[in-house]
Amino acid sequence: MSRIGRMPIAIPDGVTVTIAENNQVTVKGPKGTLERVLPAEMDIKQEGSEIIVTRPNDLKKMKSLHGLTRTLIHNMVIGVTAGYEKTLEVNGVGYRASKSGNKLTLNLGYSHPVEMIDPEGLEAVVDGNKIIVKGIDKEKVGQYAAEIRDKRRPEPYKGKGIKYADEVIRRKVGKTGKK
């Protein structure tokens, strides 16, 4: 049986979870509200201050959805209490990031500055050469961070570009001069 799917989800104080028909789950917390329609085959029950997800049978698809459904609800609960953040680093001579209002401006060695507007519910904070993307929806935070990184991915020779703070770039040895 799915080890993750079996685990109950503890609901902390100050968080309310409502389960409507068609498995429409709404999680309200101190940081905001998240809403998501989860797979209808899964059975989601609230017992006291815990949520338990069960599956109807042991088909491969149900096994897959079991752990997924439990993790999605758990991520929503963490999102409305602690929130999520991803840190990116801008490396390279003359590569710069700046923020004005909700517009993120990146100077990445192109002939023009790259401008990005923060999506609804997300915030990008620039701190020196670091860009911190914050929000309550794990999926959106990861997606926006990936879009920022895509503007100039790190290259393997000098490591220039935008990388995640915990990312390790595999470096290559450059050309050697002929003598």
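What list of ³J(HN,Hα) values in whole Hz, one per residue of the range 97-109 in order, does the Karplus curve 6.51 cos²θ - 1.76 cosθ + 1.60 (θ = phi - 60°) give from phi, with Gly and Pro shown as x?
Whole-Hz 3J(HN,Hα) from phi for the range 97-109: 10, 9, 10, 9, x, 10, 10, 9, 10, 10, 9, 10, x.
How big is the gap, in Å, between the Cα center of the range 120-165 and the Cα center of the range 23-39?
Computed from Cα coordinates, the inter-centre distance equals 25 Å.
Keeping every protein chain present and rolling a 1.4 Å probe, give me the accessible area per residue for the chain in Å².
Per residue, the chain has 62 Å² of solvent-accessible surface.
Amide H neighbours of Lys160 under 5 Å, counting only residues 5+ apart in sequence or on other chains, H built in-plane at 1.01 Å?
Glu155
Excluding Ile136 itself, calculate the net charge of residues whose Cβ lies under 15 Å from the Cβ of Ile136, where each Lys or Arg counts +1 and each Asp or Glu counts -1.
With Lys, Arg at +1 and Asp, Glu at -1, the neighbours total 0.
For Met42, what charge total do you get from the other residues with a beta carbon under 14 Å from its beta carbon, if Lys and Arg give +1 and Asp and Glu give -1?
+3
Using a 10 angstrom Cβ neighbour count of at most 13 plus a DSSP loop assignment to flag exposed chymotrypsin sites (Phe, Trp or Tyr not before Pro), which longest range of the chain is free of such sites?
1-109
Where Rh is the Kirkwood radius over the Cα pairs of the chain, the temperature 10 °C and the viscosity 1.306 mPa s, what D in µm²/s does Stokes-Einstein return?
Estimated diffusion coefficient is 84 µm²/s.
For the range 1-135, what is the charge dipole size about the Cα centre, in debye to the nearest 20, if Lys and Arg each add +1 at the Cβ and Asp and Glu each add -1 at the Cβ?
380 debye
Roughly how compact is the range 74-179, stated as its Cα Rg over 2.2 N^0.38 Å to two decimals?
Normalised Rg, Cα atoms only: 1.22.
Using helices alone, I'd like the mean residue ellipticity at 222 nm for the chain: each DSSP H run of four-plus residues gives -39500 (n - 2.57), total over residue count, nearest 500.
Calculated at 222 nm, the ellipticity per residue is -7000 deg cm²/dmol.
For the chain, which whole percent of the accessible surface, found with a 1.4 angstrom probe, sits on carbon and sulfur atoms?
Percent of accessible area from carbon and sulfur atoms in the chain: 49.
The values are calculated or read from the model by the stated rules, or taken from the named source; none is laboratory data. It should be emphasised that the depicted structure is a prediction, and the values quoted were computed from it without experimental measurement. Note that each Cβ is placed from the backbone with ideal geometry, even for glycine, and that neighbours are counted across all protein chains shown. The area values use the complete protein model at the heavy-atom level, side chains included, leaving out ligands, DNA and RNA. Shrake-Rupley method; radii C 1.70, N 1.55, O 1.52, S 1.80 Å.
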